[in-house]
Amino acid sequence: MAERWTGAGVGAVDREPGAGTEGAAFAITRTTALLIAVGVWSVLNLVAGTAWAMGATGYPFVADPASPFDPLLAGLSAPLGAAAVATVGAVSLLAALAGGLVRRPGPVATAVVALLALASAATLLIVPGIRVLAAVAYTPLLLLGAPFDWPQGASLAIVWPWPVTYEALALTGGLLSAFAAAAVRRRATDGSPHPVPQATAATARRWGRRAVAVAVAVPLAYAATRYAWALGLPLGISDEVHREGQATGLWLQGAALASLAVAGAGLTLGLHQSWGETVPRWIPGLGGKTVPPTAATVPAFVVAALVTMAGLSFVRLHLAGAFDDFFAGTSWAVLGPELLWPVWGASLATAALAYHTRRQHPRG
């Protein structure tokens with residue numbers, strides 16, 4: 001009886017022994033493509049970091065006295081920050097090159113996965129912050145509101161300056177490194193006599209249900225405050241702050257951002273519902289088709305990274321006393337929900353992992 005491996009994530013493979021090499025070639029191609037992408041990003045970081053350390057222009061981590069939302073590296077001198085960028089680039093480049101040689105478990109595979117994971121964590125935890133999430137959130141508003149010149153005073157050039165663009169590139173590079181680590185690990189262990197144990201679908205469904213509940217509740221709590229302000233209710237803020245927001249139209253923008261959060265919460269439900277695996281039949285052209293697992297997990301991991309990094313930045317700034325005026329008064333809701341964003345991101349990533357596990361083991 002043919003044994004079957006079924007993979008559903010980055011670097012996954014779907015093949016049967018004796019059925020040819022197409023599945024293996026596909027897996028190698030996907031893993032190699034990820035490693036190439038990581039290699040390109042690493043070379044760019046290595047070159048740019050070296051150039052910035054030597055005084056080249058374009059260093060993205062310059063402190064802005066008018067903004068409390070600077071990234072962590074803004075606290076370092078430019079030479080030190082640039083050296084950190086170059087170091088991460090060198091480490092991830094070494095891992096990407098070595099990853100192309102990995103075909104079986106062993107010390108090399110373990111080292112490659114560890115280095116890729118380290119580069120991913122260093123990039124995601126240090127570089128992206130609040131500004132990149134704000135830029136991502138405001139982009140659809142600007143595109144949809146462009147015919148109406150709304151939001152006033154904002155433009156894509158304003159929300160996407162070079163430092164924020166670099167943060168987005170770093171987020172992409174960090175996620176690519178994480179996906180490449182998973183792909184290399186999968187390729188090294190696939191077909192080995194002692195595969196890495198994985199949770200059954202039933203177990204994944206249980207902890208996935210809890211994770212989805214949290215990942216839905218947090219953005220809905222955030223949205224509730226913004227909708228209340230737009231409707232004229234000063235929920236969790238002072239009357240003075242509420243009047244100022246009404247006068248500038250800020251609460252209308254907040255309601256639009258809240259709608260994005262609500263839409264995201266709705267899509268998160270798909271990580272635990274049947275329509276997250278099979279497209280509902282009432283959708284024209286796609287009804288009844290199987291949802292590619294990566295179509296659900298990759299966006300979920302991206303959003304999880306965005307909100308986690310932004311949330312950690314809010315927590316860091318709060319602990320530094322940047323928001324004391326809000327919490328000392330009656331306007332805690334301006335920034336209070338954002339302090340829960342790391343929980344949102346962690347639960348969303350957990351829900352996506354549970355979904356991935358279920359799709360790998362449909363009969364588990």
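When the range 87-111 is examined, which residues are found to be assigned to a helix (DSSP H, G or I) and either modelled with pLDDT under 95 or surrounded by fewer than 19 Cβ atoms within 10 Å (Cβ to Cβ) (or both)? Answer for the range 87-111, where residues must be assigned to a helix (DSSP H, G or I) and either modelled with pLDDT under 95 or surrounded by fewer than 19 Cβ atoms within 10 Å (Cβ to Cβ) (or both): Thr87, Ala90, Leu94, Leu97, Ala98, Gly99, Pro107, Val108, Ala109, Thr110, Ala111. Contact annotation: residue pairs with Cβ atoms under 7 Å, 6 or more positions apart or on different chains, pairing a residue in the range 60-85 that is part of a loop (DSSP other than H, G, I, E, B) with a partner that is of a type in the set (Lys, Arg), are Phe69/Arg131.
May I ask you to verify whether Arg186 is touching a residue at least 40 places away in the same chain (Cβ under 8 Å) and under 23 Å from Ser42 (Cβ atoms)? Talk me through it step by step, then tell me what you get.
On the way: touching a residue at least 40 places away in the same chain (Cβ under 8 Å): yes; under 23 Å from Ser42 (Cβ atoms): yes.
So Arg186 fits the description; yes.
Of all residues in the range 280-292, those that are closer than 24 Å to Ala261 by Cβ and either of a type in the set (Lys, Arg) or surrounded by 15 or more Cβ atoms within 10 Å (Cβ to Cβ) (or both) total 1.
Yes or no, residue by residue, for (1) in contact with a Phe, Trp or Tyr (Cβ under 7 Å, 6 or more places away or on another chain); (2) in contact (Cβ under 8 Å) with a residue 24 or more places away in the chain; (3) aliphatic (A, V, I, L, M):
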site: Pro105; (1), (2), (3): no, yes, no
site: Val108; (1), (2), (3): no, no, yes
site: Ala119; (1), (2), (3): no, yes, yes
site: Ala135; (1), (2), (3): yes, yes, yes
site: Trp150; (1), (2), (3): no, no, no
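Apart from one condition, Val40 fits all of (1) surrounded by 14 or more Cβ atoms within 10 Å (Cβ to Cβ); (2) in contact (Cβ under 8 Å) with a residue 12 or more places away in the chain; (3) among the hydrophobic types (A, V, I, L, M, F, W, C); the exception is (2).
Restricting to the range 317-345, name every residue that is in a helix (DSSP H, G or I) and either free of Cβ contacts under 8 Å to residues at least 24 places away in the same chain or not assigned by TED's automatic domain parsing to the domain that holds Pro234 (or both). If you could, list the steps in order and put the result at the bottom.
So in the range 317-345, the residues in a helix (DSSP H, G or I) come out as 317-319, 324-328, 332-334, 337-345.
Scanning the range 317-345 gives His318, Leu319, Asp324, Asp325, Phe326, Phe327, Ala328.
If Arg316 meets every condition in (1) closer than 27 Å to His242 by Cβ; (2) modelled with pLDDT under 95 apart from one, which number is that one? Here Arg316 meets the rest and fails (1).
The values are calculated or read from the model by the stated rules, or taken from the named source; none is laboratory data. Bear in mind the structure is a predicted one, so any value in this text is a computation, not a measurement. All Cβ positions, glycine included, derive from the backbone under ideal geometry; neighbour counts span all protein chains shown.
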